[in-house]
1. Here's a check for you: in the range B:233-256, which residue that is farther than 30 Å from residue B:490 by Cβ and of a type in the set (Gly, Ala, Ser) is surrounded by the most Cβ atoms within 10 Å (Cβ to Cβ)?
2. Taking the range B:32-47, which residues are within 7 Å of another protein chain (Cβ to nearest Cβ) and either assigned to a strand (DSSP E or B) or at pLDDT below 95 (or both)?
3. Does residue A:130 satisfy being part of a strand (DSSP E or B), within 11 Å of another protein chain (Cβ to nearest Cβ) and among the aromatic types (Phe, Trp, Tyr)?
4. For the range A:199-214, name all the residues that are over 13 Å from residue A:489 (Cβ atoms) and either outside the structural domain of residue A:282 (by TED's automatic domain parsing) or assigned to a strand (DSSP E or B) (or both).
5. Among what's in the range B:257-295 and is within 30 Å of residue B:382 (Cβ to Cβ) and among the acidic types (Asp, Glu), pick the residue that is surrounded by the fewest Cβ atoms within 10 Å (Cβ to Cβ).
6. Regarding the range A:436-447, can at least one residue be identified that is farther than 30 Å from residue A:298 by Cα and among the charged types (D, E, K, R)?
7. Of the residues B:380, B:417, only one is buried (at least 18 other Cβ atoms within 10 Å of the Cβ) and either touching a residue at least 40 places away in the same chain (Cβ under 8 Å) or closer than 30 Å to residue B:281 by Cβ (or both); which?
8. Residue B:238 passes all but one of (1) out of contact with any helix residue (DSSP H, G or I) (no Cβ under 9 Å at 6 or more places or on another chain); (2) not in a loop (DSSP other than H, G, I, E, B); (3) not aromatic (Phe, Trp, Tyr); which number fails?
Number of protein chains: 2
Amino acid sequence: MSKEITSREQDYSQWYNDLVLKGELADYSAVRGCMVIKPYGFALWENMRDQLDRMFKETGHRNAYFPLFVPKSLFEAEEKNAEGFAKECAVVTHYRLKTDPEHKGKLIVDPEARLEEELVVRPTSEAIIWNTYKGWIQSYRDLPILINQWANVVRWEMRTRLFLRTAEFLWQEGHTAHATKEEALEETRKMLEVYATFAEEYMALPVVKGVKSANERFAGAEDTYCIEALMQDGKALQAGTSHFLGQNFAKAFDVKFADKENKLEYVWATSWGVSTRLIGALVMAHSDDSGLVLPPKIAPLQVVLVPVYKGPESKVVIDERAQSIVKELKAKGISVKFDDDDSTRPGWKFAQYELQGVPVRIALGLRDIENNQAEVARRDTKEKQTVALDGLVAHAAALLEEIQEAMFNKAKAFRDDHITRVDTWAEFEQVLEEKGGFISAHWDGTPETEEEIKAKTKATIRCIPLNNEQEEGKCILTGKPSKERVLFAKAY
Amino acid sequence: MSKEITSREQDYSQWYNDLVLKGELADYSAVRGCMVIKPYGFALWENMRDQLDRMFKETGHRNAYFPLFVPKSLFEAEEKNAEGFAKECAVVTHYRLKTDPEHKGKLIVDPEARLEEELVVRPTSEAIIWNTYKGWIQSYRDLPILINQWANVVRWEMRTRLFLRTAEFLWQEGHTAHATKEEALEETRKMLEVYATFAEEYMALPVVKGVKSANERFAGAEDTYCIEALMQDGKALQAGTSHFLGQNFAKAFDVKFADKENKLEYVWATSWGVSTRLIGALVMAHSDDSGLVLPPKIAPLQVVLVPVYKGPESKVVIDERAQSIVKELKAKGISVKFDDDDSTRPGWKFAQYELQGVPVRIALGLRDIENNQAEVARRDTKEKQTVALDGLVAHAAALLEEIQEAMFNKAKAFRDDHITRVDTWAEFEQVLEEKGGFISAHWDGTPETEEEIKAKTKATIRCIPLNNEQEEGKCILTGKPSKERVLFAKAY
C-alpha cells in the first residue's frame with residue numbers, strides 16, 4: 001500500500017481524517033478552522049452541486065447572489081436568529097491596512113479606517129436577504145420569490161473537523177417568500193423531499209425525514225425539517241435542513257404585501273440548505289479500511305483503466321486497445337481515466353484508486369488482449385471478474401448502476417439494523433453504549449427532559465419522523481405520557 | 001414603454017445604471033459598495049462561468065477551493081502584492097458578538113473575542129494559495145499544478161459602480177505552479193488566449209491582447225498580460241488579466257522543488273482572472289437606448305414567444321401551436337420562454353423583453369396561425385420579419401447565430417474605427433477629447449511620462465499590443481525616441 005490508512009476499529013476518527021487527507025479530498029490550511037478543498041474533493045462537490053442545482057431549477061428556483069457581509073444592525077433585527085449565531089460571528093471592523101512604522105515590511109490595521117458599523121461575515125443570509133426582499137415585494141403579484149444562493153459562509157467554531165465542522169464552508173441556501181402559510185409549508189416540505197431524493201439516489205445515503213424538536217430548531221425558525229443519516233460508527237449526522245420561518249423575518253424587516261383585496265399582510269418565509277458537510281457524511285457512510293468508496297453517480301472518476309505493461313512492444317498494443325475502450329466509455333457518458341503513467345507500478349495504482357474510491361477499475365495486459373478479456377474490479381465489494389472485451393463497456397455501465405444500488409442497499413440495511421426500539425432507561429443507555437445508532441423511544445415532549453437526556457448520555461433527539469406512528473407510551477426518562485416515539489442518537 | 005431608460009446621449013452613466021437596475025441584472029444592497037446579483041443577472045453569469053469553466057478544464061485545469069481569510073502574516077509575505085492591496089482590505093479582528101448590556105436586543109463586538117492575528121478577507125488569493133502549495137510541492141513530479149478557483153473577493157473601494165467596481169465581486173482566479181520560466185510564460189499566454197476567445201466568441205466583444213506597462217502591472221507580477229475592450233462611450237475596459245509572477249511568490253513563501261538532477265529550485269508561477277466586471281463590459285459594449293442587447297450564446301433566455309390573444313377561443317388555438325414551437329426549440333437546445341401571462345398586454349411584454357435584451361422575439365396571433373406564419377423580431381437591429389411557421393424553428397436557430405456574428409462585427413467595426421494613430425500631442429489631446437477610443441501613439445517607455453500623460457489627460461496606457469509592429473518614432477509627449485506604438489485610452 002502506498003499510503004497507510006488507520007483502520008476503523010483502531011481509531012474511527014483518525015480513519016476519517018486519513019481518508020480525507022490521503023484520499024486528497026481536502027487539506028488543512030494556515031487559517032484556524034478553515035480547510036482547502038483539493039481538486040479531487042472539489043470535483044466531488046461539483047458533481048453534487050450540479051445535481052442539486054438541476055433539482056432546484058426543476059422545482060422552479062433561480063440562483064442569485066447576495067453580499068458576504070451583513071451590517072450589524074441588520075444582523076440583530078431578527079432576535080432569535082441573531083442570538084443563535086452571535087457567538088460564532090467573524091466580524092469585520094476595519095477596511096484598510098497600513099505600513100507598520102515600527103517594523104519594516106510589516107502591516108498593521110489602520111486605526112483610522114475603522115468602520116462606522118461593523119460587518120458580520122454571513123453565518124447564514126436570512127437577514128441580508130429579507131432586507132433586500134423588502135424592496136422587491138409590494139403586492140401578491142411579486143410572490144412567490146423562489147431563490148437559491150451557492151455561497152461560502154463563516155461560523156466560528158472552536159473544535160473543527162474537515163468537512164464536518166469548519167469555520168468557513170460552502171453551501172447553498174434557498175430563501176423563499178410566499179403569500180400564504182400553506183404555500184410556505186408546502187415549499188419547506190418540498191425541499192426536504194428534494195434533499196432526501198438527492199441523498200438517497202445520488203449519495204446512496206438512506207435518510208430519515210423528520211422534524212426537529214424545539215431545542216434543535218434553526219434559530220429564527222418556527223419549524224425545522226431535516227434529513228438524518230447514520231454513520232458507520234453508529235452516530236447520526238444531520239444531512240440537510242429545511243426551515244419554515246413563519247413571518248418572523250417579514251416582521252423583523254417589515255416585509256408586507258398587498259393581497260388581492262389590497263390588504264397588507266406579512267410575507268411567509270422558508271429557508272433550506274445543505275453544505276460541504278455532506279462530503280463528510282459520504283465518506284463516513286460508505287468507506288472502508290482501504291479508503292474511500294464513492295457512489296458512481298457523483299464520483300469524480302467512475303472508471304479507471306490501468307495498463308499492465310510487459311516491455312515496450314506490449315505498450316503499443318495495450319495503449320491502442322485502451323484508447324478505444326476509453327472512447328467507447330466516454331461516448332456512453334462515463335467518466336474515465338487511462339492511467340498510463342509509467343513512473344508508478346500497477347499495484348501502486350490499484351491501491352491509489354482504491355484509496356480514492358474509484359468505483360470500477362479495469363486492468364488490461366497483453367495476455368488479456370490475446371484472450372479477448374480484461375480484469376474488472378468493483379470498489380465497493382472488491383470483487384474481481386474477468387470480462388470479455390467485446391462486452392466490456394456495456395458491462396462497466398451496468399456495473400456502475402449495480403454498485404450505486406448495492407451501496408444504497410448496504411447502507412440501508414446497516415441503518416435499518418441500527419434503529420432500535422427501547423422502552424426502559426436501562427435499555428436506552430445500554431443500546432446507546434453498546435450498539436449505537438438511532439434509538440426509537442418515547443419522550444414526554446419537554447425541552448427539559450431532552451436536555452437532561454443529553455447531559456446524561458450525549459444523545460439528542462435527531463428528529464420526530466414524518467408520518468410517525470401515533471402510539472401511547474411513557475417517556476423513557478420521566479415516565480410521563482407520550483403519544484409517539486422519537487429518534488435519539490449521538491450525533492456529529 | 002414600461003420602464004423609462006435614460007438615453008446614452010443624455011447621460012451615459014445613468015443609462016448604464018438604468019439598464020442594470022431596470023433590466024434586472026443587479027440591485028444595490030444595504031452593504032456599502034456591495035451589490036445583489038438578481039436572478040436574471042446571475043443566469044447570465046452562470047452561462048459565462050460555465051463556458052469559461054469548460055475552457056479551463058479543456059486546457060487541463062481543475063477547480064479547488066481555498067480559504068476566504070488570509071492571516072495578516074501571510075498576506076504581507078510578498079511585499080509588492082501586500083503593498084498593492086493593503087489600502088483596500090476588509091479586516092476581521094473579532095470572532096464573536098455579545099448582547100449589548102446597555103441596549104436590549106442589540107449586539108456589540110465582544111472585546112474579549114479579539115483574534116490574536118487579524119484576518120484579511122481575500123482581495124486575491126496568491127498568498128494563501130502559495131502558502132498551501134508549499135506543502136504540496138517537493139519534486140518536479142509534483143509540477144505543474146494547474147488550479148482554478150471560483151470565489152468571492154473583497155476590495156474596499158471608495159467609489160463603486162454596479163458590476164464595474166464593487167467592494168465584493170465574484171470571479172475566478174487561476175493559480176499555477178511550474179518547473180520552468182518558459183512553461184509559466186506559456187501558461188500565462190495560453191490563458192490570455194482563452195480569455196480573448198471567450199470574449200470574442202461568446203460575449204461578441206472584440207478585444208486587444210497586450211501587455212501592461214510597469215505602472216499598470218498587477219502588484220507582485222513580473223508581467224501582466226491583458227485583454228482590453230472598448231465601450232460605446234469611447235472608454236476602454238480591462239476585461240481580463242493573466243499574470244506571469246516569476247518566482248516572487250515562491251521566494252516569499254519559500255516554495256522550492258527538486259529538479260531531475262535533485263537540485264532545489266524556486267517554483268515559477270502564474271495567476272489569471274476575470275470577474276463579474278465582464279457583465280458591465282457586456283452591457284456597455286452592446287446595449288442601446290431601449291435596453292440590453294445580449295449575445296445569444298450567453299443570453300439567459302434566447303427566444304421569447306409572446307402570444308397575441310383575441311378572445312378566449314384564440315387562446316386555445318394559439319397556446320397549442322405555441323407549445324409545439326417551444327418543444328421544437330427546446331429540442332434544438334434553444335432556451336425559450338412562452339409568456340402566456342394574461343395580466344400584461346403584448347406591447348408591455350415586447351418592451352420588457354427588449355429591455356432585458358432577449359435576442360429573438362416571436363409574436364403569434366390567431367391570424368398568424370391561419371396564414372401559417374409568425375412575426376419574428378431580432379433584438380440587435382430591431383428588424384421584424386414574417387416567417388412561415390413550418391420553417392420557424394430553423395429560422396430562429398439560424399437567426400441566433402446571425403445575431404451573435406452581427407453583434408461581434410458591429411462592436412468590432414466600432415472598435416476598429418476608434419483606434420486612431422496620432423503623432424503629435426495636440427492631436428492626442430484632440431482625439432481623446434472629441435473622439436475617444438484607443439489612441440495608438442509613441443511613448444518613451446518611462447513611468448514618469450506615462451504618469452504625466454495620465455495627470456494631464458486621464459488617459460493611461462491600456463496595453464502594448466502583442467505582436468506589435470516595431471517602428472521608430474518619437475514619444476508623443478517628450479519627443480524622446482520610441483521603438484513601438486502603445487495604446488492609450490481613458491478607462492473604466
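The values are calculated or read from the model by the stated rules, or taken from the named source; none is laboratory data. As the structure is a computational prediction, the values presented were derived from the model and not from experiment. Don't worry about glycine lacking a Cβ; one is built from the backbone with ideal geometry, like all the others, and counts go over all protein chains shown.
1. Ranking the qualifying residues of the range B:233-256, first place goes to B:250.
2. Once the filter is applied, which keeps residues that are within 7 Å of another protein chain (Cβ to nearest Cβ) and either assigned to a strand (DSSP E or B) or at pLDDT below 95 (or both), the range B:32-47 yields B:36, B:37.
3. Considered against the rule, which asks whether it is part of a strand (DSSP E or B), within 11 Å of another protein chain (Cβ to nearest Cβ) and among the aromatic types (Phe, Trp, Tyr), residue A:130 comes out as no.
4. Of everything in the range A:199-214, those that are over 13 Å from residue A:489 (Cβ atoms) and either outside the structural domain of residue A:282 (by TED's automatic domain parsing) or assigned to a strand (DSSP E or B) (or both) turn out to be A:209, A:211.
5. Here the answer is B:289.
6. Within the range A:436-447, one or more residues are farther than 30 Å from residue A:298 by Cα and among the charged types (D, E, K, R).
7. Every option except B:380 fails the conditions.
8. Failed condition: (1).
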